[in-house]
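Enquirer: The structure's right below; bear with me while I get my questions together.
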Amino acid sequence: MTQATGGSPAAVRAMTAPPDGSRLTRARRLPYPELAVAAIAAAVFSWRVGSPSAWWDEAITRGVTSRSPSGILDLAERADVVHLAYYMLVHVVVGPNASITAIRLLSVAGAVGTAALLVTIGRELGSRRVGILAGLMWVAAPLASRYAQEARPYALVTFATTASTLALLRVCHRPWQRRRWVAYTASLIAVGLLNLLSLLVIVVHLAVVLAAGSAPVRRRWGISLAVTGAALLPLIVVALRQRGQVSWLPRPTFAQLLNFLHSEYSAPLLVVVIIVVALAGLGRGTHAPSLGLGLAWALLPPAVLWSISQVHPLFDWRYVLFSLPGTALAMASIATLLRLRWGIAVLLVLAVGGWHMQHVYRRPATGHAEDTRGAAEMVATGARPGDAILFLPASRRVVALGYPEDFRSVDDVALARDAESSATLWGVERPADEIAEALEYRSRIWVVTGPPRLGEGAEPEDVEKERLLTGPYRLAQVSDTARYEIRLYVRRPPVSMPK
């Protein structure tokens, strides 16, 4: 026989609720899956992070971030303003004169954060399983590792765009909360500060907003875009003046667009099969919200940038890296269609298919396509006190920016003003006659050179520098690394006149 229970309805619910129900609910809300996926991501992305030599842009990062904040600002006024926020972030967080590996760890952190955010996006879309698989598929992508181990902003850009997408999903679910709109707008501004081209994520967000089908959401989203544009306007104006920084980019072919999609996992056929299975499974168990968002995220930004680049060439893989989490999310949408063991099998096949490229991207000399470290080590190993060094052209001084400790025993005789004091990347060089005078009493001269880069031509000053070596010096040694050549010139012995 039961007794009547008095008290308020709340008290009755409290008494009749399962004793551990609230604990279970709280446990489900804790970020255990995010932490687990983040731990796996940290292990993968930090594996051999210091192995590949820095390439051109990474060496520039180290050189620029080693300057004072005012020196970084001075450079940004003349060139590379689009990376100003990144340079300042590295200078403050990692510190000046940090090694390439230390700077790369900031990118590792960004890539790890992206993996965790994908899990949260899955939760927000109603499927923790989809989120976990998306995070792990991001980790399995070889291209994710490539940019997670680069001393440039693109892994951080991907983190910022992923955070911005999560923020938009949250405001669409609760559009009446102003603080969520503030957070979303702030995330968009952060995306633009890290790289203006990454604002292409807005086309993905447009698809989300239209799918929400809510007039208040569309109106408030428009306000967020207006605030973002106003906040970034000074940066946009200066960046347009510096558009010559990317004038070397060629008009991309359609094959380049396909190659980007191919490179994400180095297993394109499998990716296509997975997405086809997901599309075929719509309405029969596939997680439709994840598939729709993932496909828009994976395809729209690269396609839009490729189309723009037919008129104003801007297309490069690193500029659309932030679309890769969309590919992972689209493929993860099959998680609710397949049994757990088959989902794990798909993940393993992707990981095995990309294993070769994971190793390729970590090769010491060619992992990042250039071997500035090898070039610097050749000079450091062979140099003697009093040796001079020339850079042909002057932009090859980038090797010294990346590894300045290897050039302490040689004299850069051509340099009149260093890079920071002249607010340039390479510094200001002396005229040829002054260089000739500086070389007059040098018996050994090292030369760092290499094949021309895209958009690079032979400048008269560099031709004149090379001419200075043809008479009194002989070429004693030539060494090659990936994209660099190190030469040693030795002064010829004086010719004795017959008596």
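The values are calculated or read from the model by the stated rules, or taken from the named source; none is laboratory data. It should be emphasised that the depicted structure is a prediction, and the values quoted were computed from it without experimental measurement. Every residue, glycine as well, gets a Cβ built from its backbone with ideal geometry; the counts of neighbours run over all protein chains shown.
Enquirer: Anything in the range 363-410 that is closer than 19 Å to residue 98 by Cα and of a type in the set (A, V, I, L, M)? List them, or say none.
Expert: Answer for the range 363-410, where residues must be closer than 19 Å to residue 98 by Cα and of a type in the set (A, V, I, L, M): 376, 398, 399, 400, 401.
Enquirer: Tally up the residues in the range 109-124 that are within 16 Å of residue 168 (Cα to Cα) and surrounded by fewer than 24 Cβ atoms within 10 Å (Cβ to Cβ), please. Full working, then the answer.
Expert: Step one: filter the range 109-124 for residues within 16 Å of residue 168 (Cα to Cα), giving 114, 117-124.
So of that shortlist, the ones also surrounded by fewer than 24 Cβ atoms within 10 Å (Cβ to Cβ) come out as 120, 123-124.
Looking only at that region, the number is 3.
Enquirer: Right, another one. Identify, by number, the condition in (1) in a helix (DSSP H, G or I); (2) farther than 16 Å from residue 184 by Cα that residue 248 doesn't meet.
Expert: Result: residue 248 passes all but (1).
Enquirer: Looking only at residues in the range 468-482 that are surrounded by fewer than 18 Cβ atoms within 10 Å (Cβ to Cβ) and at pLDDT 90 or above, which one is nearest to residue 247 (Cα to Cα)?
Expert: Among those residues, the one meeting the criterion is 480.
Enquirer: Among the residues of the range 252-276, count how many are small (Gly, Ala, Ser) and under 19 Å from the mean Cα position of the chain (by Cα).
Expert: 2
Enquirer: Can you find even one residue in the range 144-156 that is at negative phi, touching a Lys or Arg at 6+ places or on another chain (Cβ under 7 Å) and hydrophobic (A, V, I, L, M, F, W, C)?
Expert: Yes, some residue in the range 144-156 is at negative phi, touching a Lys or Arg at 6+ places or on another chain (Cβ under 7 Å) and hydrophobic (A, V, I, L, M, F, W, C).
Enquirer: Right, another one. Counting only residues that are of a type in the set (Ser, Thr, Tyr) and surrounded by fewer than 24 Cβ atoms within 10 Å (Cβ to Cβ), which one in the range 362-391 is farthest from residue 412 (Cα to Cα)? Break it down into steps so the answer makes sense when it comes.
Expert: Narrowing the range 362-391 to residues of a type in the set (Ser, Thr, Tyr): 366, 372, 381.
Now restrict to residues that are surrounded by fewer than 24 Cβ atoms within 10 Å (Cβ to Cβ): 366, 381.
Values: 366: 27, 381: 17 Å.
Taking the candidates together, the pick is 366.
Enquirer: Which number in (1) out of contact with any helix residue (DSSP H, G or I) (no Cβ under 9 Å at 6 or more places or on another chain); (2) more than 20 Å from residue 152 (Cβ to Cβ); (3) surrounded by fewer than 17 Cβ atoms within 10 Å (Cβ to Cβ); (4) aliphatic (A, V, I, L, M) marks the one condition that residue 454 misses?
Expert: Only one criterion in (1) out of contact with any helix residue (DSSP H, G or I) (no Cβ under 9 Å at 6 or more places or on another chain); (2) more than 20 Å from residue 152 (Cβ to Cβ); (3) surrounded by fewer than 17 Cβ atoms within 10 Å (Cβ to Cβ); (4) aliphatic (A, V, I, L, M) is unmet by residue 454, namely (2).
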